[in-house]
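Student: What follows is a single structure, and I will ask about it in a moment.
All of the numbers you see were taken from the coordinates with simple rules; none came from a lab. The model shown is predicted, which means the values in this text are computed figures rather than measured ones. Because the Cβ atoms are built from the backbone with ideal geometry, glycine has one as well, and the counts that use them run over all protein chains shown.
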Amino acid sequence: MRGFIIGLVFSSALLAASDVVAQPAASRVENVTVTGTRSREAIEGFVQSLATPTRAIEKVARWQQGICPRVVGLRPAFLTFITKRLKDVAAQVGVPVNNSISCETNIVIVFTTAPQALIDNVKQKQPGLLGYSDNHEQLDKLATVTRTIQAWYTTATEDAYGRVTVDTGKTAGQGLVLSVPCNQLYQGLALGGICTFQPSGAHGASVTGSRLGDGLRSGLYNVIIAADPTKLLDYEIGTLSDYIAMLVLAQVNVPDTCQPLASITNLLAANCTSKPSALTDNDLGYLRALYKMSPDRNIQVQRNEMAYQMQQSLLGH
């Protein structure tokens with residue numbers, strides 16, 4: 001399924017001209033430009049605003065398999081720069097990286113002057129790559145381009161026995177069939193029997209009995225990034241690379257307004273007086289915390305763990 005998008009972006013005439021992009025800086029800025037806060041309250045707010053639970057099991061997703069990014073739509077030097085930067089950040093914060101030349105692409109970053117046309121094509125050919133949706137109305141909303149740089153996430157659920165299922169609102173085949181005790185009428189008498197039914201969109205999974213977590217974990221399965229280079233001419237390629245890295249290494253709910261804490265996510269937000277040119281201490285602390293938290297816990301436990309781990313990272317522990 002993921003291989004489809006690669007053929008799509010290479011064969012499409014929607015890709016941006018390779019010259020339409022911000023020029024790289026003469027030298028790369030430092031990885032971290034802004035010192036993070038140590039306030040637990042501020043950190044908890046930061047985690048709460050960015051951590052996006054999956055629709056399927058309402059847990060925070062992260063990469064379980066090695067990332068294999070592919071960037072298209074720019075000149076080769078820029079493609080190489082973004083790919084290397086993404087892998088470098090991933091290694092720095094604990095994200096698995098697949099460095100095999102023949103690895104299966106699971107991150108596609110497309111620079112195109114017609115992002116909506118690109119996503120419309122994906123919606124028509126492989127709508128599951130745009131994320132979880134239960135109906136056409138939700139899919140239409142998912143397929144609407146609203147940002148200069150926008151991400152679409154496909155997630156997967158791993159159960160307590162390690163079985164992985166891609167999250168979707170549709171059930172393949174007959175789906176889950178449940179059998180339950182019930183009373184059936186026979187010649188006017190209520191007799192005990194067995195009734196079967198199929199809940200819409202239901203899936204079976206092996207879980208544990210813990211109240212803190214059920215053994216299920218959410219993973220990132222595929223990420224698509226669409227970026228319009230004609231609207232990014234004021235930004236250096238290094239800054240754009242860091243912004244994209246934040247989006248693809250975590251399922252980030254990018255705020256429309258400025259974050260109280262310094263963050264690369266403020267780059268394209270409205271009314272921000274401070275826009276870091278690189279990943280900040282807060283961003284790196286968040287990513288490290290994401291890849292240290294317990295993936296099988298419930299969302300509240302996960303957010304609490306992430307806030308603690310982020311604070312420890314900012315303290316240098």
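Student: With a sphere of radius 14 Å drawn around the Cβ of Q116, what net charge do the other residues whose Cβ falls strictly inside it have (Lys, Arg +1; Asp, Glu -1)?
Tutor: My count for the surroundings of Q116 gives +1.
Student: Using packing as a proxy for protection, rank 39-46, 241-248, 262-269, 304-311 so that the peptide with the highest average count of other Cβ atoms within 10 Å comes first.
Tutor: 241-248, 262-269, 304-311, 39-46
Student: Once amide H atoms are built 1.01 Å from N in the peptide plane, which residues 5 or more positions from V71, or in another chain, come under 5 Å H to H?
Tutor: Correct list: I109.
Student: Give me K275, K141, K87 ranked fewest to most by other Cβ atoms within 10 Å of their Cβ, as a rough exposure proxy.
Tutor: Listing K275, K141, K87 from fewest to most nearby Cβ atoms yields K141, K275, K87.
Student: Once you've got the Cα coordinates, tell me which of K123/K231; K59/K292; K84/K292; K231/K275; K87/K125; K87/K123 are over 26 Å apart.
Tutor: K87/K125; K87/K123
Student: A further question on this structure: Ranking D120, D234 by Cβ neighbours within 10 Å, fewest first, what do you get?
Tutor: Ranked by crowding around the Cβ, least crowded first: D234, D120.
Student: Okay, moving on. Order of 47-57, 286-296 by packing, highest average Cβ count within 10 Å first?
Tutor: 286-296, 47-57
Student: If each residue's Cβ is checked for other Cβ atoms within 10 Å, how do W152, W63 rank with the fewest at the top?
Tutor: Neighbour counts put them in this order, fewest first: W152, W63.
Student: Using a ≥ b ≥ c from the Cα gyration tensor of segment 69-155 (square roots of the eigenvalues), is it rounded, prolate or oblate, where a/c under 1.5 gives rounded and otherwise the larger of a/b and b/c decides, a/b for prolate?
Tutor: prolate
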